[in-house]
Every structure is written in C-alpha cells, then in structure tokens.
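Below: the structure, in structure tokens.
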Amino acid sequence: MPEGVVPLEQAHDESLYGSKAVGLGEAARSGLPLPPGVALSGAVVEADEDGAEASFAGQHVTLLNVPGVDAVADALREVWWSANSDSAITYRQRVGLFRRPSVGVVVQSLLDPDCAGVMFTRNPINGADERVIEASWGLGEAVVAGLVIPDHFRITQSGQVLERTPGLKKTAVRTLPEGGTFEEKLSPELAEQLCLDDSQLQDLHVLAGKCEEVYGPDRDIEWAFAGGQLYLLQCRAITRAGSQETSPKGAPVEVVRSVRLFADLDRDEVAQIAGLFKQRRFPKGEIVIKEGSGGAAFYVIESGEVTVSIGGDPRATLGPGDYFGEIALIDEGARIATITASDDLVCYGLTLWELRPLVEENGKIGWKLLQTLAKDLREAEQVIADLREQAPTAGG
C-alpha cells in the first residue's frame, strides 16, 4: 500500500490516523467483526488539497456508498473541507482549539444491511446497568439522522430482554447502484414491525460484552446486520446527557435556553437537554423538512439561513439562533411547512425518541414543558379572540 495508508488492524497512532481509525484498529486486532477497510493519515488526505491553510473543528462528514476508486479522491476532498468550513472554524475558536488540522480518514466497504442502529452498554439517560438498543431497517443513517422513531430494546447485563417497543420506521436508507443513497418509503406493516428478533438481540448482547472487554465499560456502539452477520461499525465512550456545558455531540446551553419550549427550565435541566442534541448539516437547496410529511426532529440553526414556505408560498426566512419543528417533539404529527436551506446550513437537531426517555424519567421536566405549551396555547387563543373582535360585521 502507499505510504500513509494501512489496513485498519495496523492503525496504532492517533496523531497520524485519528482516534476513530485507531479505535477500529483495536477492534480488528481483537477479532471483533468489522467491514474491511483502511486508514489514511492526515498527510495523505491533505495531499488532495495542496497548500490549503485552514483550521480543523473535529466535525467531519461521513460519505456513504462512494462509487469506486476514482471517486475516493473527491470524497476525501469533501471530508477535508468539512473540517475547514467557516462554521467548523467558528466552532473550533469557540472551544479554544484553533489550530491547523491533520484529518485522518477511514475508508471501509459499505454494507447493505437488513437493519442497523446504535447500542449503549449502560443506559445513557438514567445510568441503569442495562443494554439499550435502538434499531431500524436499512442503513443506520435513518437512526443517526433522526429520520425514524427506531425500535427500542432494553436488555439486562445477563442477557434477559426487559423491553421491546416498536418504533415508527416509515423510511429506510438504502444504497444506489451508481453511488450514494436514497430514502425508501416502507409499508405501514413494516414501519411498525420489530426489526430485531431474540436471536439477534442475543448477538448484540454478546457483542456488547466483547466491546467492553476490549475498550472498557460504558460504550456507545454502532452496528449492522447484513446477510445474517452482525458487524461492528464504531465503538466509543458514552457521553452522558448534561455532563458538559458544551460537547461535540451536544448543543451549547445558551442556544437551547433561547428556545421558547425550554425557557422555563433551570440551567441543569437545560444542560441535560442540550446534551441530547446532535449537529446536522444541509447543503444549499436541500429540503430540511417537507410540508405534510411525518416529523420527529426539531432543529436550532447554528449558521446559515432557511426559507419557510406553506403551500409553495414563501412565508419567512430564519437564521442563526432561530428554530423550527418543535411541535414534532410532542405530537409526532405532520409538518405544517416546508423548510429549505437557502445556503449551506448547520443545525443542532433533537429527535422525539431522544427527548422522550428523559421526560419519562424526569416528571419535573415534563411538567414544565407542559406548562410552557399551555401558556403558548392560551396566548394563541387570545390572539384568535382579538382577531374575531376586530373583524368587521355585516348589518342591515
């Protein structure tokens, strides 16, 4: 292989290949089931952009189903630039890590999974000593991107299944022959059918134990079943909700506090919710949410702008600090407007299935959210009443 490109099992140095590659390398050396792949050093990736000088924010894109060797160079360039965008630089400045990056990249064979998802070896919400699994049909992007409400399972450390809760999986992310992915609409029956059986749950339980043997306790695992085989995609330490004021997997507390729905929560409660947010990016022109479609995610804009339209008519423009989709966190109903990225957009996103367990475990937070919704409803009723009083009446 060229210098700076090694099989994953030979990736040892984080300064060369990055923590993800080294973590996967440790899994490969320990015999855990991985899709085959290689690690590219920062020097190899940077060779695609000679002389570029910008700074790294530790927030890289993941490109699925790159169609062949010829497209790899373009994919590497896109990953490199994702760490050098204006928003990434702003993030790095904010957290005090403003320096030139060395962007290591992992290239792996893409699976065509029957189902995929995430697994926590300890409950990430309440710290209970149990496995928590969330799963959906197709590629795990449907779970990570909040496109579905995934199936939810809990398993004891001894392997006993405590909970099987079907989700609402109307969409599956699938691969295209020419490269890239598409969203397949699923039948109502498949959307509500559990995608893991007891045998697969036991396979995941065994994998969780092996990962803890290799990496230590409290792991956040990404996995997939393809062709009857279970594969490990990634394993990292669990980040507990609210453990930091700001984290790469969460949103700044100040941003979340500005959202009307969370305005009556105290700082610790806001920090808990902030830790549940994940960053998501949309290119210019992409539809973020579509009028009439089902919704389970809520977004706060970090950078960029969006256009809000109803029935095809533009109604408003939203920018940094604005938010949209919050009702989907409560009622799982259809979207009432279409939101389109006017330029490259960076958001913090929160899904119903991430917020719901926290609210179920913490009645105080749930009650405060209910009070806020009641206030908004009362204000809306008053506006309607005022409009009716102002409306002209016909008389003889």
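The values are calculated or read from the model by the stated rules, or taken from the named source; none is laboratory data. Just so it is clear, the model here is predicted, and its values are computed rather than measured. Positions of Cβ are generated from backbone atoms using ideal geometry, with glycine treated the same way; all protein chains shown enter the neighbour counts. When the accessible area is computed, the model is the full protein with side chains, heavy atoms only, and any ligands, DNA or RNA have been set aside. Shrake-Rupley method; radii C 1.70, N 1.55, O 1.52, S 1.80 Å.
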Inter-part gap, Cα centre of the stretch 12-42 to Cα centre of the stretch 135-160, in whole angstrom, is 24 Å
1/(1 + (r/R0)^6) with r = Cβ-Cβ of residue 387 and residue 69, R0 = 56 Å, i.e. FRET efficiency to nearest 0.05, evaluates to 0.35
With a ≥ b ≥ c from the Cα gyration tensor eigenvalues, square-rooted, and the rule rounded for a/c under 1.5, otherwise prolate when a/b > b/c and oblate otherwise, the stretch 138-268 is oblate
Descending accessible area (1.4 Å probe), largest on the left, turns 206, 38, 306 into 206, 38, 306
In this structure, among 169/278; 170/278; 20/290, pairs with alpha-carbon gaps over 25 Å are 20/290
Note on the stretch 150-289: contact order normalised by length, alpha-carbon pairs under 8 Å, 6 or more apart, percent, works out to 13 percent
With a ≥ b ≥ c from the Cα gyration tensor eigenvalues, square-rooted, and the rule rounded for a/c under 1.5, otherwise prolate when a/b > b/c and oblate otherwise, the stretch 247-374 is prolate
With all protein chains present and a 1.4 Å probe, the order of 386, 129 from largest accessible area down is 129, 386
Residues other than residue 230 with Cβ under 13 Å of its Cβ, Lys/Arg counted +1 and Asp/Glu -1, net out at -3
Length gained if residue 322 through residue 380 is fully extended, taking 0.36 nm per residue and subtracting the Cα-Cα distance, is 18.9 nm
With every protein chain kept in place and a 1.4 Å probe, the residues 223, 367 fall, from largest accessible area down, as 367, 223
For residue 375, counting only lysines whose alpha-carbon sits under 22 Å away and dropping same-chain residues fewer than eight positions off, the answer is 364
